[in-house]
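Working notes for the structure below.
Taken together, the values in this text are just the output of simple stated rules run on the coordinates, not laboratory data. On a predicted model such as this, the values are computed, not experimentally measured, just so you know. Virtual Cβ from ideal backbone geometry, glycine too; neighbours counted across all protein chains shown.
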Amino acid sequence: MFAVLKTGGKQYKVQSGDVLRVEKLAADAGEKVQFNEILMVGAKVGTPTVEGAAVQAEVIDQIKGEKVIHFVKRRRKHSSKRTKGHRQQLTLVRVTDILESGAEKSGVKAAIGAGSVSAAAVEAAAPAPKKAAKKAEKKAEAPAAAAGADDLKKLSGVGPALEKKLHAAGVTSFAQIAAWTEADVAEFDEKLSFKGRIEREGWIEQAKELAKG
């Protein structure tokens, strides 16, 4: 009896005893693996796969394919050429059994490509959503910290970025700015790199008017 299996994006027609070179599997020499994507078993054709069917095989060795040379040449004013060699990683397996049904009860581990995402990798990535959730919480907390604050963007020359700087420095109201002294102006001018903007735009006078409501 023969079967047609699919692995590594390729299809193979096999029967018991056949030796195949397939795309690298996550298995060691001597291990038994089971291919579960079976497109055809004998005269039975799958839609697209045959339910319950499988092909079992023993891993003989991990090998490399023949060397393939990739040559690229660009004919331009500044011409260039590049040569690269590549040997595909493969797994040598021997087909031991073809199951028409009962594959899910066989107990043999599935043949998984070495490039597939493993369960360990999925578990390692699990904390990521928690980190994202914490970041979202911090973003949600930011507006709350400024709740009840005056809209400092009403001051001439103050946009969202400058307002954020002022909030970070603890300045959230027009009353605070209206009460600034020359020493405060000099301090904020240097600390927040305003480069004379406070006096140039007349923030203190504007803040006094805005504070009156």
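Of the cross-linked pairs K24/K84; K10/K81; K84/K109; K13/K67, which ones have a Cα-Cα span greater than 29 Å in the structure shown?
On the way: K24/K84 21 Å; K10/K81 32 Å; K84/K109 36 Å; K13/K67 25 Å.
Checking Cα-Cα distances, K10/K81; K84/K109 exceed 29 Å.
Could you line up S193, S16, S156 from fewest to most neighbouring Cβ atoms inside 10 Å? Write out the running numbers ahead of the final one.
Working: S193 9, S16 15, S156 12.
The order, fewest Cβ neighbours first, is S193, S156, S16.
Starting from the Cα-Cα distance between S80 and E209, subtract it from 0.36 nm times their residue separation and give me the gain in nm to one decimal. The partial results should precede the final answer.
Details: separation 129, 0.36 × 129 = 46.44 nm, distance 6.80 nm.
Here the segment from S80 to E209 would lengthen by 39.6 nm.
All other residues with a Cβ under 9 Å from the Cβ of H70 taken together, and with Lys, Arg as +1 and Asp, Glu as -1, what is their net charge? Intermediate values should be presented prior to the final figure.
Values: positive: R82, K84; negative: none.
Neighbour charge sum, excluding H70 itself: +2.
Figure the gain on full extension for I69 and K191 (residue separation times 0.36 nm, minus the Cα-Cα span) and round it to one decimal in nm. Before the final figure, lay out the partial values.
Numbers: separation 122, 0.36 × 122 = 43.92 nm, distance 6.01 nm.
Full extension of this stretch gives 37.9 nm more.
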